[in-house]
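**Student:** Can you read through this structure? Questions will come right after.
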Amino acid sequence: MEWNEEKAQQIVKKYKSRFNFRLSFKIIRVIVSLLLLYWIYLFVLTVSYDYSKIGPRTEFYQKLAIDWTYPEFTSDIAISHHQEITPFWTQKIEFPLERRIGKNNYVVSHLNLSKPIMNERSQLEIERSYPYKSGEYGFNFYLPFHPENGRPLVGNKSPGVFETLEMVHEGSVADFAFSTNDYYSPEEILQLLADYDVDVIWMPIYMGEYQEFTEWGWSGGGNSMALAHQWGLSGARTTEDNFRSGSLAHVLNEMSVEESKMAMLDNMARMLEENKSLAERLLVTNHLQERYDYLNNEGFQVYGAVVTGPVKELLKLQEVDGLHSFQLGEAADWNWHDDHY
């Protein structure tokens, strides 16, 4: 066989094509294998997350944080369908925020929570977009006494609240807030409002701030003082051990108030036992234990309320002795008892 340059190039080209084909095939096979492994990883991760308590627990804790620290908002009892775990082990949870006006709950915003699973102290992002009508800062409540020296305090009168309320059509309902000139038990607040056709949905609680611990500061001027991070009693939110079913009381009344107090203490105790660091991250506090201990030792001392009801009934609250610092929230079309007016 005679050898020449042309034959040499043909042989090189032939084996080069075979090599390129085999190399391409191996690369494709590696890519397919990696994609398959990645899909299996995502499948196992997603299934494991869906069947674990991690997502439902985080959502339940966050909903309690809304109940206790946002007077205007609440959320449904159902577990959100918008839960996922990213390939980098970050939880993403979304659920609507509701506002109770009259007898109905209205979806007014959404909460988006993003939190790494493995590191409780890594960055926690909570995006809250407030409804365009609502004040960004919400309701404020003023302490009746200075916690450090016991000096009586007054509130911060918002001018024109009842004048504005009088201009709202009487066929409307609204939510409304006030502070009190002394500490009351939740039952005493309910008794104080017993003659008025309103629902109580939230009560600010004093939990030992500036006596047992200091956190987040306060606002006010002259002879008024409002805690920067307010906590309150809301309707009882309970859950089963798997966090996937439970119950929710929308209002505080004679039948639900005791249950609501016990549910708050039970939920705080559960948080402290199960995952204190997660709870404190979502509640934005470093003193969950101190707050729990104070409620257990001193009981529930409330100094105001958020109520909702017909405009005519809300106007009557200016007659009640001991109430001050009235604030008007949102109004909605009539949805109260049809036989009342």
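**Student:** Please work out if Trp218 is at pLDDT 95 or above, touching a Phe, Trp or Tyr at 6+ places or on another chain (Cβ under 9 Å) and within 30 Å of Asn275 (Cβ to Cβ).
**Tutor:** Criteria not met by Trp218.
**Student:** Select, from Glu319, Glu290, the only residue that is of a type outside the set (S, T, N, Q) and without any contact (Cβ under 8 Å) to a residue 40 or more places away in the chain.
**Tutor:** None of the others qualify; the one that does is Glu319.
**Student:** Of the residues Pro71, Pro96, Pro87, only one is at pLDDT below 90 and not in a strand (DSSP E or B); which?
**Tutor:** So the residue among Pro71, Pro96, Pro87 that is at pLDDT below 90 and not in a strand (DSSP E or B) is Pro87.
**Student:** Right, next: Can you tell me which residue within segment 103-128, out of those that are more than 11 Å from the chain's Cα centre (by Cα) and among the polar types (S, T, N, Q), is modelled with the lowest pLDDT?
**Tutor:** Ranking the candidates gives Ser122 first.
**Student:** Continuing with the same structure: Taking the options Glu209, Glu258, Glu254, name whichever one is charged (D, E, K, R) and surrounded by 22 or more Cβ atoms within 10 Å (Cβ to Cβ).
**Tutor:** Glu209
**Student:** Can I ask one more? Can you go through Glu166, Glu187 and tell me which one is farther than 30 Å from Glu298 by Cβ and assigned to a helix (DSSP H, G or I)?
**Tutor:** Just one listed residue meets the conditions, Glu166.
**Student:** Right, something else. Kindly list, by first and then second residue, each pair from a residue in segment 76-94 that is under 13 Å from Arg57 (Cα atoms) to a residue that is in a strand (DSSP E or B) and at pLDDT 85 or above, limited to pairs with Cβ atoms under 6 Å and residues at least 6 apart or on different chains.
**Tutor:** Final answer for the pair search is Ile77/Gly246; Ile77/Leu248; Ser80/Phe95; Gln83/Ile93; Ile93/Leu113.
**Student:** Restrict the check to segment 320-336 and report whether at least one residue is outside any loop (DSSP other than H, G, I, E, B), within 27 Å of Tyr106 (Cβ to Cβ) and of a type in the set (Ser, Thr, Tyr).
**Tutor:** Yes, the conditions are met somewhere in segment 320-336.
**Student:** Now for a separate question. Pairs needed: first member in segment 185-196, assigned by TED's automatic domain parsing to the domain that holds Lys316; second member anywhere, of a type in the set (Asp, Glu) and surrounded by 13 or more Cβ atoms within 10 Å (Cβ to Cβ); C-beta distance under 8 Å; at least 6 residues apart or different chains.
**Tutor:** From residues that are assigned by TED's automatic domain parsing to the domain that holds Lys316, the pairs are Tyr196/Glu313.
**Student:** Do the conditions hold for Val306, that is, is it under 18 Å from the mean Cα position of the chain (by Cα) and either at negative phi or not in a strand (DSSP E or B) (or both)?
**Tutor:** yes
**Student:** If you go through segment 263-270 one residue at a time, do you hit one that is of a type in the set (Gly, Ala, Ser), in contact with a strand residue (DSSP E or B) (Cβ under 7 Å, 6 or more places away or on another chain), at pLDDT 95 or above and within 29 Å of Lys53 (Cβ to Cβ)?
**Tutor:** Yes, that holds for at least one residue.
The values are calculated or read from the model by the stated rules, or taken from the named source; none is laboratory data. Everything numeric here is computed off the predicted structure, so don't read it as measured data. With ideal geometry, Cβ positions are generated from the backbone for all residues, glycine too; neighbour counts draw on all protein chains shown.
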